[in-house]
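What follows is one structure encoded as structure tokens, with my remarks underneath.
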Amino acid sequence: MKIGCVCGVAIVDQTDYLPHKAHLVADQDWEDFAESSQTLGRIDQTFVRHCYQCVSCGRLYVDDHNRKLVRFIPEAEGARQTLGSIKGTLWKAPLIGAWTSDPPAGKPSGALFCAGTNGVAEQYDTWEELEQAYFELFNRLKGMGLLRSALLRKGGAQIHFWLHSDR
């Protein structure tokens with residue numbers, strides 16, 4: 001999904017762990033949300049509305065009761081990362097490495113993505129380069145305690161999987 005902010009910037013929602021997106025549950029719904037989610041054993045999305053923030057101007061876009069976006073303008077300058085993790089730079093991020101032998105035209109076969117620290121989105125032309133970069137970043141982030149999970153795939157095969165056990 002893409003939201004066109006009135007300042008001209010596109011707010012993109014096409015993946016998980018976005019620092020400019022939040023999930024909103026009304027205070028009046030909080031107990032029902034918690035009870036329902038516990039009963040279902042998963043998050044009850046019927047109580048959740050989405051909130052997005054423009055990374056350029058700081059405007060907030062919030063789903064109303066009818067799932068229509070309502071826009072809010074920040075009063076203070078510099079209100080750009082309001083929706084990011086409360087843990088700031090200590091937020092644990094997922095690491096994903098993927099290799100395909102048949103990439104789309106003009107694209108490399110390997111990709112490495114991690115939204116944590118300074119963010120990583122890199123592409124690789126050889127499996128060896130991707131694998132080396134993945135394990136270097138995996139070991140560095142794991143050693144710093146900043147890794148939520150890690151997955152490395154080659155074609156359809158899972159080469160490496162790691163899940164933080166303190167969650």
Flagged in the range 87-110 as under 14 Å from the mean Cα position of the chain (by Cα) and under 23 Å from Glu131 (Cβ atoms), in numbering order, are Lys92, Ala93, Pro94, Leu95, Ile96
Only one of (1) closer than 30 Å to His160 by Cβ; (2) surrounded by 16 or more Cβ atoms within 10 Å (Cβ to Cβ) does not apply to Leu60, and that is (1)
Residue pairs qualifying under the 6 Å Cβ cut-off, at least six apart or on distinct chains, with the first in the range 44-55 being within 28 Å of Glu75 (Cβ to Cβ) and the second being surrounded by fewer than 17 Cβ atoms within 10 Å (Cβ to Cβ) and hydroxyl-bearing (Ser, Thr, Tyr), are Gln53/Thr82
Among the strands (runs of 3 or more DSSP E) confined wholly to the range 1-119, which include 3 or more residues that are farther than 25 Å from Leu137 by Cβ, of a type outside the set (A, V, I, L, M, F, W, C) and at pLDDT 85 or above?
-> 49-53
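Quick check on this structure: which one of Ala93, Ala98, Ala76 is aliphatic (A, V, I, L, M) and over 30 Å from Ile159 (Cβ atoms)?
On the way: Ala93 fails: over 30 Å from Ile159 (Cβ atoms); Ala98 fails: over 30 Å from Ile159 (Cβ atoms).
Sole residue among the options that is aliphatic (A, V, I, L, M) and over 30 Å from Ile159 (Cβ atoms): Ala76.
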Can you name every residue in the range 32-75 that is within 18 Å of Cys5 (Cβ to Cβ) and among the β-branched types (Val, Ile, Thr)?
-> Val55, Val62, Val70, Ile73
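Select from the range 120-167 the residues that are assigned to a strand (DSSP E or B), of a type in the set (A, V, I, L, M) and under 14 Å from Pro94 (Cα atoms) and list them in ascending order. Spell out the reasoning first.
Residues of the range 120-167 assigned to a strand (DSSP E or B): 120-124, 147-154, 157-163.
Applying the additional criterion that residues be of a type in the set (A, V, I, L, M) yields 120-121, 147, 150-152, 157, 159, 163.
Hits for the range 120-167 are Val120, Ala121, Leu147, Ala150, Leu151, Leu152, Leu163.
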Got at least one residue in the range 138-160 being free of Cβ contacts under 8 Å to residues at least 24 places away in the same chain and among the aromatic types (Phe, Trp, Tyr)?
-> no
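Please find, among Lys21, Lys87, the residue that is of a type in the set (Lys, Arg) and either touching a strand residue (DSSP E or B) at 6+ places or on another chain (Cβ under 8 Å) or crowded, with 16+ Cβ neighbours inside 10 Å (or both). Write out each step before concluding.
Working: Lys87 fails: either touching a strand residue (DSSP E or B) at 6+ places or on another chain (Cβ under 8 Å) or crowded, with 16+ Cβ neighbours inside 10 Å (or both).
Exactly one residue qualifies, and that residue is Lys21.
For the range 28-49, does any single residue satisfy the condition of being more than 30 Å from Tyr124 (Cβ to Cβ), in contact with a strand residue (DSSP E or B) (Cβ under 6 Å, 6 or more places away or on another chain) and not assigned by TED's automatic domain parsing to the domain that holds Glu131? Full working, then the answer.
Initial filter on the range 28-49 (more than 30 Å from Tyr124 (Cβ to Cβ)): 28-49.
With in contact with a strand residue (DSSP E or B) (Cβ under 6 Å, 6 or more places away or on another chain) added as a condition, the list becomes 48-49.
Next, from what is left, pick out any that are not assigned by TED's automatic domain parsing to the domain that holds Glu131: 48-49.
Scanning the range 28-49, I find at least one residue that is more than 30 Å from Tyr124 (Cβ to Cβ), in contact with a strand residue (DSSP E or B) (Cβ under 6 Å, 6 or more places away or on another chain) and not assigned by TED's automatic domain parsing to the domain that holds Glu131, so the answer is yes.
The values are calculated or read from the model by the stated rules, or taken from the named source; none is laboratory data. Bear in mind the structure is a predicted one, so any value in this text is a computation, not a measurement. Don't worry about glycine lacking a Cβ; one is built from the backbone with ideal geometry, like all the others, and counts go over all protein chains shown.
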